[in-house]
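A.B. asks: Dropping a structure here in structure tokens format, bear with me for questions.
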Amino acid sequence: MSSKKMGRPPSDNPKSELIRVRVDQEILSKLDACTEKLQTTRSDVIRKGIEKVFDELQK
């Protein structure tokens, strides 16, 4: 029998850091609207937002 593990292969860029953020209901509603429109997760929308702000600061 093979000793190879089953399952998903390890990621090249693991997301091991966790950030907790407090938001009000209005921001949460906006975040959820973005996730529905983009068909993605809250985490992905937040990552994209951070990248966008970072890119703007580099200009």
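The values are calculated or read from the model by the stated rules, or taken from the named source; none is laboratory data. Predicted model, so just to flag it, every value in this text is computed and none were measured. Positions of Cβ are backbone-derived with ideal geometry, glycine not excepted, and every protein chain shown enters the neighbour counts. Side chains included, ligands, DNA and RNA excluded: accessible areas come from the protein's heavy atoms. Shrake-Rupley method; radii C 1.70, N 1.55, O 1.52, S 1.80 Å.
A.B. asks: Restricting to DSSP H runs of at least four residues, report the calculated mean residue ellipticity at 222 nm for the chain, -39500 (n - 2.57) per run over all residues, nearest 500 deg cm²/dmol.
C.D. replies: -17500 deg cm²/dmol
A.B. asks: Binning every alpha carbon pair distance of the chain at 10 Å from zero, what are the percents per bin?
C.D. replies: Using 10 Å bins, I get a P(r) of 16, 35, 29, 12, 7, 1 for the chain.
A.B. asks: So, one more: If I model a spin label at Gln25 and Arg42 as a point 7 Å from the Cα along the Cα→Cβ vector, what separation in nanometres do I get?
C.D. replies: About 1.6 nm separates the two model spin labels.
A.B. asks: If I compute solvent accessible area with a 1.4 Å probe over the protein chains, what percent of it on the chain is carbon and sulfur?
C.D. replies: Answer for the chain: carbon and sulfur cover 55 percent of the accessible area.
A.B. asks: Moving on to the next point. How do Glu36, Glu51 stack up against each other in accessible area, from largest to smallest, with a 1.4 angstrom probe?
C.D. replies: Glu36, Glu51
A.B. asks: About the Cα centre of the chain, how large is the charge dipole given +1 on each Lys and Arg Cβ and -1 on each Asp and Glu Cβ? Please answer in debye to the nearest 20.
C.D. replies: 340
A.B. asks: Give the residue from Ile27, Pro10, Ile46 lying farthest towards the positive end of the charge dipole for the chain; charges sit on Cβ (+1 for Lys and Arg, -1 for Asp and Glu) and the dipole is referred to the Cα centre.
C.D. replies: Toward the positive end, the furthest listed residue is Pro10.
A.B. asks: Continuing with the same structure: Subtracting the Cα-Cα distance from 0.36 nm times the residue separation, let me have the gained length for Gln58 to Lys15 in nm, one decimal.
C.D. replies: The span from Gln58 to Lys15 would gain 13.1 nm if fully extended.
A.B. asks: By accessible area of protein heavy atoms, probe 1.4 Å, what ranking do Ser29, Ser3 get, highest first?
C.D. replies: Result of the area sort, largest leading: Ser3, Ser29.
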